[in-house]
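Encoded as structure tokens, the structure appears first; notes follow it.
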Amino acid sequence: MERLRTLLTSINGKGYKAYKELKGSYQFDGFRLTIDHVQGDPFAQPSRITLQRTSEELSLPAEFYSSKIRKLASEDFLARAIAIAIRSEIKGHRGIGKSGEVRIETSGQQILGRNALLLDDTCVEARLTVGLPAAGRRIVSKEAEAIFFQELPNIVAQSLCFEHLDKEQFKQHIESAEDQEYLRDQLRQLNLVAFVADHSLLPRQSGIDDRPLQNNAVPFIAPESLACTLTLPNRGKVRGMAISQGVSLIVGGGFHGKSTLLHALERGIYNHIPGDGRELVVSDASAVKVRAEDNRAVSNIDISAFIDRLPFDRDTSRFSTENASGSTSQAANIVEALNHDATLLLIDEDTSATNFMIRDDRMQQLVSREKEPITPFLHRVRELYRDFDISTVIVMGGSGDYFEVSDTVIMMDAYKTADVTLKAHSLIEKANHHPKPELPMMINHAAPHRCVGQLNPARGKKEIYIEARGVDTLLYGQHEIDLGRVEQLIDIGQTRTIGLMIHFYAKNYAHKTNSLNAGLKMALKEVEEKGLDILSPWKIGTLALPRLHEVAAAIHRLRS
Ligand code: ADP
Ligand code: MG
């Protein structure tokens, strides 16, 4: 600690590069500070540091990390505690560029596996970034001293000490995550695909703010006929709406809350923080939102179950394009989801291609089957469930055609939920028409293998160039991958990880199997077991764990 002070004094007023001398470890009173990487200039990516405390210093009770999910929730809580302490302790601006800026990466409304803070039996380690202070590119030691000797020790004392944390809140954070995980694990054996607990608050502040809507949010209440009561390890009994396997429709007038419910189901693959309102909205872990995504690239996907007989006899069993249409992109999205073992598809009419979803009687009479390449999803959705065990939840306010292929029809009426299955089914008998029979569906499970050459991360002089420009854009070697319409990707840390993971897969697994799905699974399993750190040669704290589906989505969107 005194060594750091002496070093700082000795480099005061020197050129910025002299900060490099600080690299190394320093024992402080009650924690260890390591300066892992020093930035090249005040405007560059801030320097990376780690703060370590022993388990004794942290004094976290053993039950707070006695299982995988508990440990993950504790890590999440502690990282958020550091972020709160940073807001209260860090002065911030201390010179030019990023001088004085201190950060830790945390999740939004979800609890994601990250590497910003790691717990093990012997210690806790937090990775932060610090903008080392400069005035006119000269070192200002006084300002750096204030960060290292006042601000950081205060942060550690406030956040990495169990005694000083809100224990009730901490416990609730863990127990809530554990309940959500448990609930999600139960779904399959209960023949359910999703569960929405009573009193959940589904609407969000806005399209770009994932926090709960503050005023006038109507709490969710399950209609009696769809209600079930489950028992959770911590919360005990909870009543809520059980969405069964099969085909479920969400109907209702415009602006009545249909998409909001579906959106909550999309996010139900993640655990949420207490107070989010969706803590007990869970869906099958392999649920995939599929939508139309015109202009996306498609490479070697068999979409013939949905699209065949394209003009000029284009082969749709190995369909590639640099510029998919609404319907072909939605078909590709579905087939890719199935190739990566999705068992629940979530579809919203708002983001679907109409000609992919439905074709009504009149249109079938006018345009004969031979002239229409599209087999609408309507004609496949039952088959998907019957023959492949794949369930679907569809928001469909605009067409009653889906009544006859549905098992359950849920109506949203002014944000209240009703079961209108019987009524919807009684309308089918009156109209008495059935979807036209089709050739049986085949799913070609051999997801196309990307040759390693296409996954080369080199760009120019750089052997490895992988960078996330926001959640939506991944730069990978020569490629710019657009993930803007991969809606279950929620955090830039996941996007970064996806980039590193593609490289990790290409290096270690691509040659081991012909199946992209199998290779990615092995790669992801290794990362889950050994931790996100294996993906980076440097110590960084900016990664968050994505699902298999989102990693695969990035690979499938590579342009050739
Ligand atoms: P739909 O898909 O049926 O057209 P949306 O789900 O888009 O409707 O919801 C319309 C609006 O109502 C959105 O602004 C949404 O935030 C709001 N909303 C949705 N559910 C609720 C609710 N339970 N309470 C209050 N407002 C809600
Ligand atoms: Mg809608």
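The values are calculated or read from the model by the stated rules, or taken from the named source; none is laboratory data. Bear in mind that the values here come from a model prediction, so they are computed numbers and not experimental data. All Cβ positions, even for glycine, are placed from backbone atoms using ideal geometry, and neighbour counts span all protein chains on display.
Things to note:
- When residues of region 392-422 are limited to those that are of a type in the set (G, A, S) and part of a loop (DSSP other than H, G, I, E, B), the one nearest to ligand 1 (Cβ to nearest atom): G397
- Every pair of residues 6+ apart whose Cβ atoms lie under 8 Å, when the first sits in region 206-217 and is in the same structural domain as Y415 (by TED's automatic domain parsing) while the second is aromatic (F, W, Y) and at pLDDT below 90: none
- Test: residue in region 488-497 that is in contact (Cβ under 8 Å) with a residue 40 or more places away in the chain, in contact with a Cys (Cβ under 9 Å, 6 or more places away or on another chain) and not in a helix (DSSP H, G or I): no
One line per residue, one yes/no per condition, for (1) free of Cβ contacts under 8 Å to residues at least 24 places away in the same chain; (2) farther than 24 Å from L261 by Cα:
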{"position": "D313", "(1), (2)": "yes, yes"}
{"position": "A324", "(1), (2)": "no, yes"}
{"position": "I334", "(1), (2)": "no, no"}
{"position": "I374", "(1), (2)": "no, yes"}
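To keep it simple, each residue is scored yes or no on (1) at pLDDT below 95; (2) within 32 Å of the chain's Cα centre (by Cα); (3) outside the structural domain of H263 (by TED's automatic domain parsing); (4) not charged (D, E, K, R).
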position: T351; (1), (2), (3), (4): no, yes, no, yes
position: Q364; (1), (2), (3), (4): yes, no, no, yes
position: P373; (1), (2), (3), (4): yes, no, no, yes
position: D413; (1), (2), (3), (4): no, yes, no, no
position: A424; (1), (2), (3), (4): no, no, no, yes
position: H434; (1), (2), (3), (4): yes, no, no, yes
position: P440; (1), (2), (3), (4): yes, no, no, yes
position: Y465; (1), (2), (3), (4): no, yes, yes, yes
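- Extreme residue, nearest to D491 (Cα to Cα), among residues of region 90-102 that are in contact with a helix residue (DSSP H, G or I) (Cβ under 8 Å, 6 or more places away or on another chain) and surrounded by 19 or more Cβ atoms within 10 Å (Cβ to Cβ): V102
- If only residues of region 232-244 that are over 18 Å from K416 (Cβ atoms) and in a strand (DSSP E or B) are counted, the one that is nearest to ligand 1 (Cβ to nearest atom) is V238.
- Region 250-267, subset more than 6 Å from ligand 1 (Cβ to nearest atom) and farther than 17 Å from T392 by Cβ, residue surrounded by the fewest Cβ atoms within 10 Å (Cβ to Cβ): G253
- Scanning region 187-238 for residues that are within 20 Å of the chain's Cα centre (by Cα) and within 16 Å of ligand 2 (Cβ to nearest atom) yields L202, P203, R204, S206, G207.
- Contact map, region 255-273: first residue not assigned by TED's automatic domain parsing to the domain that holds T417 and among the acidic types (D, E), second residue in a helix (DSSP H, G or I) and at pLDDT 95 or above, Cβ cut-off under 8 Å, separation 6 or more or different chains; the map is empty.
- Identity of the residue in region 274-297, buried (at least 23 other Cβ atoms within 10 Å of the Cβ) and hydrophobic (A, V, I, L, M, F, W, C), that ends up farthest from D389 (Cα to Cα): L280
- Meets criteria (outside the structural domain of C228 (by TED's automatic domain parsing), within 22 Å of H272 (Cα to Cα) and in contact (Cβ under 8 Å) with a residue 60 or more places away in the chain) for E175: yes
- The lone exception for T473 - which of (1) under 17 Å from R296 (Cα atoms); (2) touching a Pro at 6+ places or on another chain (Cβ under 8 Å); (3) among the hydroxyl-bearing types (S, T, Y) it fails: (2)
- Qualifying residue in region 108-120 (condition: over 27 Å from L280 (Cα atoms) and over 29 Å from the mean Cα position of the chain (by Cα)): no
- Residues of region 28-51 that turn out to be buried (at least 19 other Cβ atoms within 10 Å of the Cβ) and either over 28 Å from the mean Cα position of the chain (by Cα) or outside the structural domain of D120 (by TED's automatic domain parsing) (or both), as a count: 6
- Close contacts from region 182-194, counting a first residue that is under 17 Å from T229 (Cβ atoms) and a second that is assigned to a helix (DSSP H, G or I) and of a type in the set (A, V, I, L, M), with Cβ to Cβ under 6 Å and a gap of 6+ residues or different chains, come to A194/L265.
- Residues of region 453-487 classified as touching a residue at least 40 places away in the same chain (Cβ under 8 Å), assigned to a loop (DSSP other than H, G, I, E, B) and of a type in the set (S, T, N, Q), total: 1
- Only a single criterion out of (1) in contact with a helix residue (DSSP H, G or I) (Cβ under 6 Å, 6 or more places away or on another chain); (2) modelled with pLDDT under 95 is not satisfied by T316, namely (1).
- Count of region 512-544 residues, restricted to those that are outside any helix (DSSP H, G or I) and surrounded by fewer than 20 Cβ atoms within 10 Å (Cβ to Cβ), is 9.
- Enumeration of residues in region 72-86 that are among the polar types (S, T, N, Q) and without any contact (Cβ under 8 Å) to a residue 24 or more places away in the chain: none
- Among the residues making up region 359-378, a single one is aliphatic (A, V, I, L, M), outside any helix (DSSP H, G or I) and surrounded by fewer than 17 Cβ atoms within 10 Å (Cβ to Cβ): V367.
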